[in-house]
Amino acid sequence: MKLGARMLKTGLAVAISIYIATLLSLPSPAYAGIAAVFALQPSIYRSYQTILDQLQGNVIGVLLASLIVFTLGNDPIVVGFTAILVIGICMALKMNESTIPLAIVAVIAVMETTEMEFIQFSLMRFSALTLGIVAAFIVNLVFLPPKYETKLFQRIDKTTSDILQWLRVTTRHLSDVPALKEELTRIEDEIRQMDNTYLFYREERIYFKKNRLSKARKLILFRQLITTTKKSFEVLKACHQIEDKLDKIPTDFQTLLLQEIDKVVHSHEKLLLSTMGRIKKHDKETLRELLEPDIPRLIESLIEVYQEKQADRLMLLPLASQLMEYHQQLSHLQTLLSSYQKYHQNEHIEVRQKD
């Protein structure tokens, strides 16, 4: 099992919050650790966004729980009723969803039976929970800040490579159908994670003005990389749907289809390599002659197949449509990549984690 940065930061935030709570002689320092778990966010920006909501939720939970204890007591049914009220208040104030569990923890912590003076007990519980929130924010800010640019490109590279490999296998009738079905489901999950990572990367703030334009161009480039990857996945699904029917179309068209798919796959791979900086920048073939596929010629051949009036001739229409869109997205990706490399020659996209 590989330990990720967020797992390590969660453990560190819990340890620090409990240790400080113990040094301050706060009762039940474990509550500080629980608050740290709920308060830790996947990015610095989200941590900054939610810390105020979490502090407000903590205040609401403690104040409401204290009021209920003074008026109705701390019977388990009363505790449950108080939790419902806190959830309703947090939702009415449109607080972040991560605030609600912490507010409920505050209710449970304050309404616990104690022999200590209640106001002092409530203040100590509030202090422990606040300590956990602040500790999680500091750990997220200082220790192992996430590099979503690197993570995002690694996801794009891996997902795209898997799709292109399966495209080559499928178009040659070599794919194992059950294995491919499982892979299609897995790749869909990878694409969802890729979209989430893009959102985290987009939320990262740039503190130096000179880097903002570069970040804006990278966002556009990454968005197009993701769009192109998704389109290659649609082509793979279209190939999978007609794989068992390709034998029914003319051999010449099968050969042409295979050639054109190989060309777009090769073009996509070259664009990825160029993004990584692994292709010579001054190579004449680098970007100018990348788009070798002749999709219009493929469509003309497809029209000829239609004119032969075969029974299953319409089965190729979805694949032809997806290929045309895939080719268009590759063309757009080439344009964006050329523009990025032109204006940011001395910058590069981080494709590996730094040791």
Using a probe of 1.4 angstrom, how much of the accessible area of the stretch 1-158 is carbon and sulfur, in percent?
71 percent
For a quick protection proxy, order the peptides 257-267, 62-72, 174-184 by their average other-Cβ count within 10 Å, most packed first.
257-267, 62-72, 174-184
By the Cα gyration tensor axes a ≥ b ≥ c (a/c under 1.5 gives rounded; else a/b larger than b/c gives prolate, otherwise oblate), the shape of the stretch 134-199 is prolate
For the stretch 34-174, would you read off the P(r) tail past 26 Å as a percentage of all alpha carbon pairs?
42 percent
With 23 Å as the limit, write out which pairs from LYS151/LYS270; LYS218/LYS270; LYS94/LYS147; LYS94/LYS230; LYS147/LYS218; LYS9/LYS215 have Cα-Cα distances beyond it, or answer none.
LYS94/LYS147; LYS94/LYS230; LYS9/LYS215
Find the relative contact order for the stretch 1-134 and round it to a whole percent, using C-alpha pairs within less than 8 Å whose residues are 6+ positions apart.
37 percent
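The values are calculated or read from the model by the stated rules, or taken from the named source; none is laboratory data. If you're wondering where the values come from, they're calculated on a predicted model, not measured in any experiment. Heads up, the Cβs are rebuilt from the backbone with ideal geometry, glycines too, and the neighbour counts pull from every protein chain shown. Note: areas computed on protein heavy atoms with side chains; ligands, DNA, RNA excluded. Shrake-Rupley method; radii C 1.70, N 1.55, O 1.52, S 1.80 Å.
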